[in-house]
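One structure below.
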Amino acid sequence: ECAQSQLVCFAPLESVAEGSGPQDVLALALRLQLHAGGNPSEQITEYLRDKTMLLVLDNAETIARHAEFVAELIRECPRLSVLVTSREPLGFEGEAPLFLKGFDLPDDSSLQNGSSPALQLFVHEARERDASFGIERSQFAVFKQICELVDGSPLALRLTAQWSLLLSLEEILERLEASVGFLSPTDARNQR
C-alpha cells in the first residue's frame, strides 16, 4: 500500500542505450548527482536505502540483462516499492509478474458510440500528430481488423496510430498483415 505522502519516481528506460546500464537514466529520474569514479549502482542503492518511495521502471525489457540491479534495490531498500513494466518478465528472484491483456476487440455499437477504449486511444494518439484525424464509419471494419491483429495491445495501437499521418487505415492494415515488425516506433519518426 502506498501512503499519500510516498514519493513516486518514474524512470522511462526506453532511452537506455545498447551496452549501457539503467543507472544513468535512474539517477536522472531521481535527480541524483552520481560521483565520478564511484560505483553508480552502489550510489543509487545508498541513496534509496532509507527512502519510502514507489519506483516505476518503464520499458524494463531494455534492461533485462541488468535484472540483478533491480533485485538488489529491492533487497537493500526495504521501504522501496518497485513497479516494473516490461513485455517479458525480467526473471529475478522475488519478481511477481502480472500479465495484462489488451483491450477487448471493439464491437459495432462501441465503435459507433465512441465507447471503445481501443478506438479512443488510437484516435487520441493520431490526433497528437494531426488534430483533424478521425475514423469514419466506413473504416470501422478496417479498424477492427487492426485491433484483432495487434490483440488489442495499447502499445501496439499507440505505435500504429503514429503511422496515421503517413498512411490510410487500409495501408496500415496491409502493412500489419505483412509484418507486425512494421510497428517499430523509430520507423514512423524516421520517415517523416
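The values are calculated or read from the model by the stated rules, or taken from the named source; none is laboratory data. Predicted, not measured: the structure shown is a model, and the values here were computed from it. Note that we place each Cβ from the backbone using ideal geometry, even for glycine, and neighbour counts take in every protein chain shown. Side chains included, ligands, DNA and RNA excluded: accessible areas come from the protein's heavy atoms. Shrake-Rupley method; radii C 1.70, N 1.55, O 1.52, S 1.80 Å.
Among the conditions (1) within 20 Å of Leu30 (Cβ to Cβ); (2) more than 22 Å from the chain's Cα centre (by Cα); (3) open to solvent by less than 60 Å² (accessible area, probe 1.4 Å), the only one that Ala71 does not satisfy is (2).
Counting only helices (runs of 4 or more DSSP H) wholly contained in the stretch 1-118, the ones carrying 3 or more residues that are out of contact with any helix residue (DSSP H, G or I) (no Cβ under 6 Å at 6 or more places or on another chain) and under 30 Å from Lys144 (Cβ atoms) occupy 108-112. Residues that are farther than 18 Å from Glu171 by Cα and surrounded by 15 or more Cβ atoms within 10 Å (Cβ to Cβ) within the stretch 144-154 comprise Gly152, Ser153, Pro154, listed in sequence order. Among residues of the stretch 128-156 that are within 16 Å of Asp107 (Cα to Cα) and assigned to a loop (DSSP other than H, G, I, E, B), those with a beta-carbon under 6 Å from a residue that is among the hydrophobic types (A, V, I, L, M, F, W, C) and open to solvent by less than 40 Å² (accessible area, probe 1.4 Å) at least six positions away or on a different chain give the pairs Ile135/Phe143; Val150/Ala156; Gly152/Ala118. A single member of Gln23, Gln43, Gln33 is over 18 Å from Pro97 (Cβ atoms), free of Cβ contacts under 8 Å to residues at least 24 places away in the same chain and surrounded by 15 or more Cβ atoms within 10 Å (Cβ to Cβ), and it is Gln43.
Arg65: more than 19 Å from Leu155 (Cα to Cα), at pLDDT below 85 and exposed (fewer than 15 other Cβ atoms within 10 Å of the Cβ), yes or no? Talk me through it step by step, then tell me what you get.
Details: more than 19 Å from Leu155 (Cα to Cα): yes; at pLDDT below 85: yes; exposed (fewer than 15 other Cβ atoms within 10 Å of the Cβ): yes.
So Arg65 fits the description; yes.
Out of Ala188, Ala161, Ala178, one residue alone is modelled with pLDDT under 90, small (Gly, Ala, Ser) and closer than 20 Å to Glu14 by Cβ. It is Ala188. Identify all residues within the stretch 33-68 that are in contact with a Lys or Arg (Cβ under 6 Å, 6 or more places away or on another chain) and farther than 12 Å from Arg79 by Cα; write none if there are none. Across the stretch 33-68, the qualifying residue is only Glu61.
Considering the stretch 110-143, the residues that are of a type in the set (S, T, N, Q), open to solvent by 70 Å² or more (accessible area, probe 1.4 Å) and over 15 Å from Leu157 (Cα atoms) include one that is farthest from the chain's Cα centre (by Cα), namely Ser138.
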